[in-house]
Every structure is written in structure tokens, then in C-alpha cells.
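> Structure incoming, see below.
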Amino acid sequence: WLYRELHHADFGAVLDLMHPKSVDVVVASDSLPYFGDLDEVFAAVSTLLRKGAVFAFNLDTFSDSASAKKEGYQLRHTGRWMHTPSYARKLAAQHGLTVIREVSLRGRGREVLWDDSEQSRDRLVSISGTIFILAN
């Protein structure tokens, strides 16, 4: 079997339904940029993972520089959250997870902007992200 169950639903609702230590893989593809503080997500996922299981996810990222907010995340005008890679590493360690792969990506993409009159326009912007694979 490739998988016994596949869930496509609200992230928190699915995690609440599952049994502790019952999951081999959690993939959160383009999900976590819609959460600011990721501590509860990491806590829930680490509870679900069996020994040797994997948690793979991506984040929209911003620099770990001094200008980064001390929390390690900030809300963009698009409604998506950006996180520093060090914030994700810190949460991984706090929840007993080890970073086994971290890949930084940089590219260009379109971003839709809305003005006060509800008119939209788009522009080409630089996008930074990171893909993480964690194991327990």
C-alpha cells in the first residue's frame, strides 16, 4: 500500500481526529503559509508521528536578519504568513523533530493586489520559500 488513508480537509480538524503515534507521513503542501504561530501545528503533528515518521512542508520565508520580527513570522499584505527558517528549526527541536532536509527556493511569481475600490491588479514579485523534511 502507498497509503491506507488520505485526508483532504481543514488541517486542524484532521489532526484532531487522528490517534497518537498512528501516522508515518504528514505532508502540508502550501498549507502552513496560512498560519502565523506554528507551535500548535508542530505539537499536533509530532504527537501523531510514529517513530521514524516524516513531516514535510513548505513555508514562505523571509530573512533571519535582525529586522525579522522576534516571533519568527509576519503577515504579508496577501494574507499569507512568512516565517524565518530558524523559527521552523526551533519549533522542530522543541517538538522532538530533526531536520533531515531543508531546501531554500527563490523565484518570481505573480501577486494580486487589491485597491480600495475593489479593483485588482497583479505584479511580478520575488518569492522566497523553504521546503522542510523533518523526522522524529
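> If you line up the long axis of helix 39-48 against the longest principal axis of the chain, both from Cα atoms, how many degrees apart are they, to the nearest 10?
30
> Would you work out what percent of the accessible area of the chain, with all protein chains in place, is carbon or sulfur (probe 1.4 Å)? Walk me through the intermediate numbers first.
Numbers: 4680 of 8960 Å².
Here it works out to 52 percent.
> Enumerate the amide H contacts of Val26 below 5 Å, restricted to partners 5 or more residues apart or on another chain; note that Pro and chain-start residues carry no placed amide H.
The answer is Val54, Phe55, Ala56.
The values are calculated or read from the model by the stated rules, or taken from the named source; none is laboratory data. Everything numeric here is computed off the predicted structure, so don't read it as measured data. We work out accessible area using only protein heavy atoms, side chains counted, and drop any ligands, DNA or RNA first. Shrake-Rupley method; radii C 1.70, N 1.55, O 1.52, S 1.80 Å.
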